[in-house]
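The values are calculated or read from the model by the stated rules, or taken from the named source; none is laboratory data. The structure displayed is predicted, hence computed values, not measured ones. Heads up, the Cβs are rebuilt from the backbone with ideal geometry, glycines too, and the neighbour counts pull from every protein chain shown.
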Amino acid sequence: MAASGAQYVLQAGLAAGMSATEGIHSPHPKPVDPAKAEAPQMLPADVKVDIHSRITLRGAKEDVSIPFMCIGAWPWGDKATFQFNYTEDYPKVEEAWETLKKAGLTFVDTSQAYGDGDSERICAQLFKGMPRDSFVIQTKWLSWPDMSNFLMQSHGPVVKLRNSLKNLELDYVDIYMVDGPIHPTMFSTVAKGMAECVHQGLTKAVGVTNYDKGDVIKMSDALEKLGVPLAVNQCEYSIVRRHPEISGLIRECRKRNIVFQGYASLANGRLSGKYSRTNEPRRTYRFSSYPMHYLEPTISVLNSISQERRVPIPAVALNYCINKGVVPLVGIRNPEQAEQNLQALGWRLTPDEIKKIETVSMEGYTTFLWQHG
């Protein structure tokens, strides 16, 4: 099981400076230098992006096929950040899942730390009765604050993954990820543990989160020596945090056939149209947690495109990420959010619309503690 209280440690860490707008970091948005930006459409213009479209993640023995959007399950069961109340919230999650299943979007991201394992256990309930090949699940190995990972060295990922599989009631996950670049052992040691998860048939593919370009190269090279490709890197990416693009990280991932996933793709709801300067998000929603008055120009542009396209504002923000070569993760807690976010698929922003959005976008920051990428 996850270390008891891991969800609260995670929230405390984000408040202390693991998130790039908290702690000692600047609360003011950093504008994007156009000279450092990639082309408006990093995803080739001829690529079709709808609910049936798939991307291939490389595995050592078997590849994994994923859609262009992922469901973020951090809110499911998590009390420290999302104040999840099982009696009130689970029925809504269950209804949202039925909407997503019907549409064919059943790619879920979770972690042993989310809700101290409750997120994984909720996933198990939602997956019941489904054929194993009808959904894709990725979970994460969090090396801290459980120092048994240091004592176990390369055995840590295998031991923790077996615990996650018990929570998920599965024999294997599709993707297993190192949750953050802060691990008490060397890259080569972590790579050995992740490769062992593949060799034992506990996961098909492996990935990392919050790694910068240098971290990705080190882990990719270490895994390659063990016959396992690095399939995924997941970092915060949205219209108001384009740093992975500006730094060349996304380009390096593409060069190495590593799929780039972007979490907090709606900036913890700030790009959903739900919040305003008179209705700020909870203080526990810490990714890109700029005061809403800073984001008013961004929301205004998204709203304008939303009205022209006749799709919800979140769909515009998510479609932007997809066009930039990013698989967005988006938290879904109710069927209304599911319906909104599904509308990000089946169409693409034009280069002119993307350029318009980018005039009100932001680069964001990194942190020494967590968000290297």
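Here the condition is being within 29 Å of THR367 (Cβ to Cβ) and touching a Phe, Trp or Tyr at 6+ places or on another chain (Cβ under 9 Å); of ILE24, ILE71, it holds for ILE71 alone.
Tell me whether the stretch 277-287 contains one or more residues that are assigned to a loop (DSSP other than H, G, I, E, B) and within 14 Å of the chain's Cα centre (by Cα). Yes; the residues of the stretch 277-287 include at least one that is assigned to a loop (DSSP other than H, G, I, E, B) and within 14 Å of the chain's Cα centre (by Cα).
The residues of the stretch 87-118 that are hydroxyl-bearing (Ser, Thr, Tyr) and under 21 Å from ASN233 (Cα atoms), listed by number, are THR106, THR110, SER111, TYR114.
Residues in the stretch 16-35 that are in contact with a Ser or Thr (Cβ under 8 Å, 6 or more places away or on another chain) and part of a helix (DSSP H, G or I): GLY17, MET18. Of THR298, THR350, THR359, all but one fail to be without any contact (Cβ under 8 Å) to a residue 12 or more places away in the chain and closer than 23 Å to GLU38 by Cα; the exception is THR350. Only one of the numbered conditions (1) charged (D, E, K, R); (2) farther than 30 Å from GLN200 by Cα; (3) in contact with a His (Cβ under 9 Å, 6 or more places away or on another chain) is not met by LYS61, and that is (2). The residue list GLU38, GLU98, GLU120, GLU62 contains one member that is charged (D, E, K, R), in contact with a Leu (Cβ under 8 Å, 6 or more places away or on another chain) and touching a residue at least 12 places away in the same chain (Cβ under 8 Å), which is GLU120.
Scanning the stretch 240-271 for residues that are in contact with a Phe, Trp or Tyr (Cβ under 7 Å, 6 or more places away or on another chain) and over 23 Å from TYR285 (Cβ atoms) yields ILE250, CYS253.
Here VAL316 passes the criteria (1) surrounded by 24 or more Cβ atoms within 10 Å (Cβ to Cβ); (2) β-branched (Val, Ile, Thr); (3) not in a helix (DSSP H, G or I) except the one numbered (3). Just checking, does the stretch 303-311 include any residue being buried (at least 19 other Cβ atoms within 10 Å of the Cβ) and either touching a Lys or Arg at 6+ places or on another chain (Cβ under 8 Å) or free of Cβ contacts under 8 Å to residues at least 12 places away in the same chain (or both)? Yes, there is a match, as at least one residue in the stretch 303-311 is buried (at least 19 other Cβ atoms within 10 Å of the Cβ) and either touching a Lys or Arg at 6+ places or on another chain (Cβ under 8 Å) or free of Cβ contacts under 8 Å to residues at least 12 places away in the same chain (or both).
Residues of the stretch 250-269 being over 25 Å from ALA39 (Cα atoms) and surrounded by 24 or more Cβ atoms within 10 Å (Cβ to Cβ), which ones? Listed by number, the list holds a single entry, ASN268.
One residue stands out among those in the stretch 217-249 that are of a type in the set (A, V, I, L, M, F, W, C) and surrounded by fewer than 23 Cβ atoms within 10 Å (Cβ to Cβ): the one that is farthest from SER361 (Cα to Cα), which is LEU226.
Answer with yes or no whether ARG58 is among the basic types (Lys, Arg) and crowded, with 19+ Cβ neighbours inside 10 Å. It is true that ARG58 is among the basic types (Lys, Arg) and crowded, with 19+ Cβ neighbours inside 10 Å. If you check VAL93 against the conditions, is it free of Cβ contacts under 8 Å to residues at least 12 places away in the same chain and aliphatic (A, V, I, L, M)? No; evaluated as a whole, the condition is false for this residue.
Considering the stretch 94-213, the qualifying helices (runs of 4 or more DSSP H), each wholly inside and each with 1 or more residues that are at pLDDT 95 or above, surrounded by fewer than 24 Cβ atoms within 10 Å (Cβ to Cβ) and not hydroxyl-bearing (Ser, Thr, Tyr), run over 118-127, 156-168, 187-199.
With the condition kept exactly as written, say whether any residue in the stretch 78-93 is closer than 22 Å to LEU345 by Cα and either surrounded by fewer than 22 Cβ atoms within 10 Å (Cβ to Cβ) or modelled with pLDDT of 95 or more (or both). Yes - at least one qualifying residue is present in the stretch 78-93.
Restricting LYS274, LYS356 to residues that are assigned to a helix (DSSP H, G or I) and surrounded by fewer than 23 Cβ atoms within 10 Å (Cβ to Cβ) narrows the list to LYS356.
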